[in-house]
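Here the structure is laid out as structure tokens; the discussion comes afterwards.
The values are calculated or read from the model by the stated rules, or taken from the named source; none is laboratory data. Every value quoted in this text rests on a predicted model; they were computed, and no experiment measured them. Ideal geometry is used to build each Cβ from the backbone, glycine not excepted, and the neighbour counts take in all protein chains shown.
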Amino acid sequence: MRTLVKLPIELHIFPTDSLVGFAVSVAPEMVTLSPGKPAESAESMRPEGAWNLDDLSKTIKEIRSPDRRVGLWIEPEMAQVKAAASLGADYVKFHLGRLAEIRGNSERSEFMENAGSVMIAAAKMNLGIVVEGGVDYHNAAEITSLGKIHHVVAGGAVAARALCVGMEQAVRDMAGLVH
């Protein structure tokens with residue numbers, strides 16, 4: 001895969017012993033840790049509640065290398081950003097899937113304002129920022145204007161649009177919105 005993919009490779013895993021060992025062996029540039037275990041629901045994205053923080057800190061140190069950054073998949077909440085920074089994460093991947101559920105303009109505005117504040121705080125804590133979930137062609141430009149975002153994951157929106165306009169055009173359209 002490395003011969004075909006020129007971008008950094010990210011592995012998104014649950015922090016089980018076998019998956020951590022796999023991550024170390026395949027050596028992607030980025031490893032994002034998700035809460036819980038594969039059989040559990042990821043609804044509770046709270047590092048301070050879903051994980052044993054001592055174990056998580058050790059896992060981050062085990063995976064990290066000079067060529068590999070480690071991040072946490074979290075909700076855009078200040079307590080979770082602070083937990084990620086205290087654990088020594090290199091970046092946070094904000095799960096923005098709640099955007100798809102919000103119907104009212106005031107609730108949406110409140111969510112976006114909060115997300116922007118949390119992204120600014122994360123940057124001040126020297127955490128890289130990745131966004132995923134809920135990113136589509138209608139909100140991508142607004143989301144990327146919230147803070148210094150390093151990566152945007154919008155695969156579902158791009159794949160859906162590709163059915164109508166082709167993959168190349170769908171990617172160009174999204175790239176135009178996020179750059």
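For the subset of the stretch 102-152 comprising residues that are in contact with a strand residue (DSSP E or B) (Cβ under 8 Å, 6 or more places away or on another chain) and assigned to a helix (DSSP H, G or I), which member is farthest from Asp90 (Cα to Cα)?
Ala140
For the stretch 75-101, which residues satisfy the criterion of being assigned to a helix (DSSP H, G or I), under 16 Å from Gly134 (Cα atoms) and among the aliphatic types (A, V, I, L, M)?
Across the stretch 75-101, the qualifying residues are Leu99, Ala100.
Can you run down the residue pairs with Cβ atoms below 8 Å, 6 or more apart or on separate chains, where the first is in the stretch 159-179 and in a helix (DSSP H, G or I) and the partner is among the aromatic types (Phe, Trp, Tyr) and surrounded by 11 or more Cβ atoms within 10 Å (Cβ to Cβ)?
That search, which allows pairs on different chains as well, returns Arg161/Tyr137; Asp173/Tyr137; Met174/Tyr137; Leu177/Tyr137.
Kindly indicate the residue of the stretch 16-35 that is in contact with a Phe, Trp or Tyr (Cβ under 7 Å, 6 or more places away or on another chain) and part of a loop (DSSP other than H, G, I, E, B) and also farthest from Arg68 (Cα to Cα) among those meeting that condition.
Per the criteria, the residue is Pro35.
Here's the yes/no breakdown for (1) farther than 18 Å from Glu142 by Cβ; (2) out of contact with any His (no Cβ under 9 Å at 6 or more places or on another chain); (3) surrounded by 14 or more Cβ atoms within 10 Å (Cβ to Cβ):
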| site | (1), (2), (3) |
| --- | --- |
| Val81 | yes, yes, yes |
| Tyr91 | yes, no, yes |
| Leu96 | no, yes, yes |
| Ser109 | no, yes, no |
| Met112 | no, yes, yes |
| Gly116 | no, yes, yes |
| Ala121 | yes, yes, yes |
| Asn126 | yes, yes, no |
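Identify, by number, the condition in (1) without any contact (Cβ under 8 Å) to a residue 60 or more places away in the chain; (2) on the phi < 0 side of the Ramachandran plot that Gly134 doesn't meet.
Going through (1) without any contact (Cβ under 8 Å) to a residue 60 or more places away in the chain; (2) on the phi < 0 side of the Ramachandran plot one by one, Gly134 breaks only (2).
Which one of these does Val131 not meet: (1) touching a Phe, Trp or Tyr at 6+ places or on another chain (Cβ under 6 Å); (2) surrounded by fewer than 20 Cβ atoms within 10 Å (Cβ to Cβ); (3) among the β-branched types (Val, Ile, Thr)?
With respect to (1) touching a Phe, Trp or Tyr at 6+ places or on another chain (Cβ under 6 Å); (2) surrounded by fewer than 20 Cβ atoms within 10 Å (Cβ to Cβ); (3) among the β-branched types (Val, Ile, Thr), Val131 is out only on (2).
Looking at (1) on the phi > 0 side of the Ramachandran plot; (2) at pLDDT 95 or above; (3) within 14 Å of the chain's Cα centre (by Cα), which is the only condition Ile129 fails?
Evaluating Ile129 over (1) on the phi > 0 side of the Ramachandran plot; (2) at pLDDT 95 or above; (3) within 14 Å of the chain's Cα centre (by Cα) leaves (1) as the failure.
Quick grid of which residues meet (1) of a type outside the set (S, T, N, Q); (2) within 23 Å of Val131 (Cα to Cα); (3) modelled with pLDDT under 60:
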site: Ile13; (1), (2), (3): yes, yes, no
site: Phe22; (1), (2), (3): yes, no, no
site: Ser25; (1), (2), (3): no, no, no
site: Pro28; (1), (2), (3): yes, yes, no
site: Leu33; (1), (2), (3): yes, yes, no
site: Ala42; (1), (2), (3): yes, yes, yes
site: Arg64; (1), (2), (3): yes, yes, no
site: Asp67; (1), (2), (3): yes, yes, no
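Touching a residue at least 12 places away in the same chain (Cβ under 8 Å) and either closer than 23 Å to Glu10 by Cβ or part of a helix (DSSP H, G or I) (or both): is that true of Leu72 in this structure?
Working: touching a residue at least 12 places away in the same chain (Cβ under 8 Å): yes; either closer than 23 Å to Glu10 by Cβ or part of a helix (DSSP H, G or I) (or both): yes.
It is true that Leu72 is touching a residue at least 12 places away in the same chain (Cβ under 8 Å) and either closer than 23 Å to Glu10 by Cβ or part of a helix (DSSP H, G or I) (or both).
Considering each of Arg161, Arg172 in turn, give the residue that is farther than 24 Å from Val81 by Cα, surrounded by fewer than 16 Cβ atoms within 10 Å (Cβ to Cβ) and charged (D, E, K, R).
Arg172
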